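Quick notes on the structure that follows.
Rule-based calculations on the coordinates, nothing more; no lab input. Everything quoted here is computed from the prediction, not taken from an experiment. All Cβ positions, glycine included, derive from the backbone under ideal geometry; neighbour counts span all protein chains shown.
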Amino acid sequence: MAALRDLSEFYDPDLSLPIGGVVYKIKSPGIREADRLRLLIIDDSLTAAQEYEEIVKILGAARGDMARDGVPDTMAMHAGRTALLHFGGSPDMGRANWQFGQLADFIDIRDVIDADEHTGTRSAD
């Protein structure tokens with residue numbers, strides 16, 4: 001069997017988020033921090049203030065870059081939530097939040113569930 005290439009030669013562990021034509025790089029946390037984030041994202045007692053602190057922490061230097069570039073706070077917060085889910089959950093969770101996180105602003109999930117129950121359709125288990 002051929003020797004495996006050094007992972008650092010081709011794998012970028014950081015998260016790159018494009019906002020307004022600029023790509024902001026969010027540094028991947030170390031193992032212990034990632035373990036902490038895994039517990040954090042499932043913590044029902046997380047307050048808005050605690051979430052904000054975590055977002056500031058995970059964005060790191062990228063947050064300052066976003067501020068300098070005039071990125072709106074709502075977009076920076078969205079980027080931070082995406083990073084928390086990406087590193088604390090999975091890249092798929094982060095991607096889903098990035099693409100669909102704002103849908104709750106437009107769609108009432110209770111209405112969707114009620115409509116589904118009314119039509120008698122069910123999603124596959």
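Structural remarks
- Restricting the stretch 1-98 to chymotrypsin sites (Phe, Trp or Tyr not before Pro) in coil, as DSSP defines it, with at most 14 other Cβ within 10 Å: Phe10, Tyr11
- For Val23, the shell of other residues with beta-carbons less than 15 Å away shows a net charge of 0, using +1 for Lys and Arg and -1 for Asp and Glu.
- From the C-alpha gyration tensor of the stretch 1-71, square roots of 5λ in Å: 27, 21, 8
- Pairs of Cα atoms farther than 19 Å apart, the stretch 16-119, %: 48 percent
- Simple Cβ-charge dipole of the stretch 16-119, Lys/Arg +1 and Asp/Glu -1, about Cα centre, in debye nearest 20: 760 debye
- Relative contact order %, the stretch 16-119, counting alpha carbon pairs below 8 Å whose residues are six or more apart: 27 percent
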